[in-house]
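Below: the structure, in structure tokens.
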Amino acid sequence: MQRLLVEGGRPLQGTVSVSGAKNAVLKLMAAALLGDGKFIIRNVPAIKDVFTMIGVLKALGVKCQLEGSTLYLTVGDIQGEAPAELVQEMRASIQIMGPLIAKLGWVKISQPGGCPIGDRPIDLHVKNLEKLGAIFEEGYGYISAKAKRLVGTELCLDFPSVGTTENIMMAATLAVGTTIIHNAAREPEIIDAQNFLNRMGARVFGAGTGTITIKGVKALSSTDYTVIPDRIEAGSYLVAAAITGGKLRIQNIIPKHLTALIGKLQEANVKLDIASDQIIVQGQDTIYPANILTLPYPGFATDLQPQFMALATLANGTSVVKETVYSNRFGHAHELRRMGAEIIVDGNAAVIKGVKQLAGAHLYATDLRAGAALVLAGLSATGITSITGVEHIERGYENLVEKLQLVGGKIWREDEV
Ligand code: EPZ
């Protein structure tokens with residue numbers, strides 16, 4: 001196992017190039033199962049979750065080849081049972097359910113894994129795929145479903161669930177008739193999925209709004225597509241500049257995907273110069289407190305809550321963070337307290353009283369974004385911070401260590417003794 005070591009106290013300076021979006025590309029890879037023939041997906045991040053999804057697709061019969069950031073897929077005869085050991089590694093594995101039920105008429109996968117940030121049921125996925133005509137059977141630790149032909153319908157999600165919206169959207173592309181999803185999630189990754197599906201010959205409209213309409217077609221083909229930039233990776237680097245008092249140019253991004261974070265960073269006295277595909281961020285000596293309420297997009301992203309909390313630990317006042325999307329996403333608070341942060345967690349709220357300085361400590365990354373928050377805190381702390389649980393962080397950040405080293409970050413990997 002490896003750990004990360006971070007020596008803080010250096011303002012970051014330079015340019016960071018953001019990679020393709022983890023939470024988009026994993027769904028496009030699943031959506032390819034609906035089509036036929038040779039796909040080219042560009043701007044693919046070389047991260048653990050992509051390699052896991054490649055493993056899942058290969059097990060289903062898809063030929064996969066990742067060359068740099070370009071992924072070549074050949075979809076021909078596929079089967080619908082995914083290997084448990086891969087599915088359990090990553091929550092996004094459930095995104096193959098919709099496509100396989102629609103394309104093959106059956107699917108069998110184990111209960112998915114993923115970050116331990118609260119109970120992450122898939123009841124909304126199951127309930128709404130059933131409304132399209134899928135018949136589910138749950139065994140010990142696995143889920144299987146079948147359907148002769150899915151039939152379009154009008155449905156309303158209990159919660160604007162990203163994954164559920166995507167599974168239904170994908171399944172409905174090959175259903176008979178029209179499907180309308182009300183209370184749909186509005187994340188940019190869903191718009192990316194709509195664009196990808198339509199390039200395959202689907203008829204999907206409305207992604208990015210709360211109502212998505214899908215007119216079923218007989219069959220889908222393949223396409224050549226470029227993934228959107230990763231807004232969560234971009235946001236993490238914006239906070240990196242703010243927390244180290246440095247100046248970074250964050251490029252290859254879509255600033256409008258970061259509106260909520262931009263507003264909160266400006267509230268925290270961070271200076272931002274926003275262009276069409278990049279942001280120049282200048283940290284300041286004084287960080288102001290800011291209150292955060294995580295919400296489905298376009299509200300403040302839950303995936304940026306841990307990173308912002310790290311910044312708030314150094315504010316000249318008290319900030320309140322309310323986490324409304326997950327039931328247990330404050331694992332990083334406990335670790336930040338080891339560095340001298342003053343954080344009180346009460347249910348889904350955390351009160352952060354800013355301190356002058358954090359001190360390096362031995363920390364554990366409980367999940368992907370918590371790990372990123374700890375790296376950011378380490379970059380600002382005095383002394384050396386060591387972080388175990390690196391495998392969580394490597395799932396979602398391409399070349400994190402190398403990108404930070406390029407802008408002056410003193411961070412390196414070490415084999416755990
Ligand atoms: C996606 O997860 C992202 N993952 C998450 O990012 C992100 O936090 C989340 O959307 C919200 O933005 C990927 O895209 C791979 P949800 P997803 O369905 O689709 C509950 C990261 O760090 N829920 O919108 O699983 C669920 O428990 C990851 O990159 C049900 O109760 O998110 C959660 O509390 C972490 N039943 C809430 O809804 C269901 O059937 C949000 O889940 C489905 C979800």
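If you check ALA349, ALA310, ALA377, ALA290 for being more than 13 Å from the ligand (Cβ to nearest atom), modelled with pLDDT of 95 or more and more than 27 Å from VAL162 (Cα to Cα), only one passes: ALA377.
Checked against (1) surrounded by 21 or more Cβ atoms within 10 Å (Cβ to Cβ); (2) closer than 20 Å to LYS256 by Cα; (3) without any contact (Cβ under 8 Å) to a residue 40 or more places away in the chain, ASN195 passes all but condition (1).
So that you can scan it fast, the table gives a plain yes or no per residue for (1) among the charged types (D, E, K, R); (2) under 19 Å from ARG91 (Cα atoms); (3) at pLDDT 95 or above:
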site	(1), (2), (3)
TYR140	no, yes, no
LEU150	no, no, yes
VAL162	no, yes, yes
THR165	no, yes, yes
THR178	no, no, yes
ALA207	no, no, yes
THR213	no, no, yes
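Do we find a residue being away from the ligand (no atom under 16 Å from the Cβ), surrounded by fewer than 21 Cβ atoms within 10 Å (Cβ to Cβ) and in contact (Cβ under 8 Å) with a residue 24 or more places away in the chain anywhere in the range 20-34? No; the residues of the range 20-34 include none that is away from the ligand (no atom under 16 Å from the Cβ), surrounded by fewer than 21 Cβ atoms within 10 Å (Cβ to Cβ) and in contact (Cβ under 8 Å) with a residue 24 or more places away in the chain. GLY208 fulfils the conditions (1) more than 28 Å from SER19 (Cβ to Cβ); (2) free of Cβ contacts under 8 Å to residues at least 24 places away in the same chain except for a single criterion, (1).
Number of residues in the range 313-346 that are within 16 Å of the ligand (Cβ to nearest atom) and of a type in the set (A, V, I, L, M) equals 2. Of all the numbered requirements in (1) modelled with pLDDT under 95; (2) more than 22 Å from ASP303 (Cβ to Cβ), ILE135 misses one, and that requirement is (1).
Do you know which residues across the range 49-68 are surrounded by fewer than 19 Cβ atoms within 10 Å (Cβ to Cβ) and either charged (D, E, K, R) or more than 21 Å from ALA21 (Cβ to Cβ) (or both)? Matches in the range 49-68: LYS58, ALA59, GLY61, LYS63, GLU67. Among residues of the range 328-339 that are closer than 13 Å to THR385 by Cβ, those with a Cβ under 6 angstrom from a residue that is assigned to a loop (DSSP other than H, G, I, E, B) and among the polar types (S, T, N, Q), sequence gap 6+ or separate chain, pair up as LEU336/THR313.
The values are calculated or read from the model by the stated rules, or taken from the named source; none is laboratory data. Bear in mind the structure is a predicted one, so any value in this text is a computation, not a measurement. As a convention, Cβ positions derive from the backbone with ideal geometry for all residues, glycine included, and neighbour counts pool all protein chains shown.
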